[in-house]
Amino acid sequence: MSSGLWTLPNPRAAQTSKMAAMATDMATLCDDLLAETADLEVLLADLGDEAWATPTPAEGWDVKDQVGHLAYFDDRAHESMTDPDAFIAHRADVLSHPDFPDRIAAESRRFDGRDTLAWFRRARAALVDAARSADPSRRVPWYGPDMSVASSMTARIMETWAHGQDVADAFNMERKPTDRLRHVAFIGARALPNSYQARGMPVPDAAVRVELRGPSGDLWTFGPEGATDTVRGPALDFCLAVTQRRHLDDLDLDLHGPVATEWMSIAQAFAGPPGSGRKPGQFGSRS
């Protein structure tokens, strides 16, 4: 993902200055990933076989699939940090098959619910252990461009939160937002180019200013202060939009300018092809 969108604002925006440091603070990244993991595990505690098979809003995915997906890519992220050559060989083999998404899904589904959770716990613990001692700026291979270790861990936080939302929605549970959303917002704000490139659309030249109110009341800002196009609103709503966990019509975001409006209609913080997103009114409105 391009980093061209995100710049530091004026010195009075202390929260955003803190966010700049966050990208290279491995202790914070690891601790926040473990905290996000703990929140997810609350939803998974003591599930029986039928509950693990509960459908989630992601078409064709049940609760077990969501957790298996996280475990699989935790293993891959760990491998990319600890044995890059093995990861590159694995990547080449996987991507050589036209049905590689189905192959990855099949591998993620090889255990029952209880064993999938155990796998996830092992994979997550190994990943965090490797990341804590890693240079946050070291480049590691991934399925797209190489990324820094810090970016890899930030992406794991985003993925855990997004797939945790799917699990919460499957059980009709509402989660309390936390300031860990800043990691999701950080990726989402930087992912404007990815949102267009994933659809084969030209990336607009205009910058977009994003101003979000975090759960604790702090202002989080991204992009040049003088940009004409702006996105403003609760951080939770922005994160739900860029991870495609809610339809834009159901969120309380204030959009100004043609680029901001178009971007948020196709926003995508994750790599890969565009997702199907969610339908308007599927979960009710947050406005």
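Listing for the model above:
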| quantity | calculated |
| --- | --- |
| Qualifying residues in the range 240-271 (those that are hydrophobic (A, V, I, L, M, F, W, C), assigned to a loop (DSSP other than H, G, I, E, B) and open to solvent by less than 10 Å² (accessible area, probe 1.4 Å)) - the one modelled with the highest pLDDT | 267 |
| Residue match in the range 159-171 (condition: within 18 Å of the chain's Cα centre (by Cα), modelled with pLDDT of 95 or more and of a type in the set (Phe, Trp, Tyr)) | yes |
| Hits in the range 58-75 - residues which are in a loop (DSSP other than H, G, I, E, B) and open to solvent by 30 Å² or more (accessible area, probe 1.4 Å) | 59, 60, 61 |
| Test: residue in the range 141-152 that is out of contact with any Ser or Thr (no Cβ under 9 Å at 6 or more places or on another chain), aromatic (Phe, Trp, Tyr) and modelled with pLDDT of 95 or more | no |
| Residue 137 vs. criteria exposed (fewer than 15 other Cβ atoms within 10 Å of the Cβ), within 22 Å of residue 28 (Cα to Cα) and touching a strand residue (DSSP E or B) at 6+ places or on another chain (Cβ under 8 Å) | yes |
| The one condition in (1) open to solvent by 20 Å² or more (accessible area, probe 1.4 Å); (2) at pLDDT 95 or above; (3) of a type in the set (Phe, Trp, Tyr) that residue 120 fails to fulfil | (1) |
| Test: residue 32 is assigned to a helix (DSSP H, G or I) and either open to solvent by 30 Å² or more (accessible area, probe 1.4 Å) or in contact with a His (Cβ under 6 Å, 6 or more places away or on another chain) (or both) | no |
| Selected residue (criterion: least open to solvent (accessible area, probe 1.4 Å)) from residues of the range 184-239 that are among the acidic types (Asp, Glu) and within 26 Å of residue 152 (Cα to Cα) | 237 |
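The values are calculated or read from the model by the stated rules, or taken from the named source; none is laboratory data. Remember, predicted model here, so these are calculated numbers, not experimental data. A quick note on method: Cβ atoms are made from the backbone with ideal geometry, for glycine too, and the neighbour counts reach across all protein chains shown. Side chains are part of the model used for accessible areas, which takes the heavy atoms of the whole protein and leaves out ligands, DNA and RNA. Shrake-Rupley method; radii C 1.70, N 1.55, O 1.52, S 1.80 Å.
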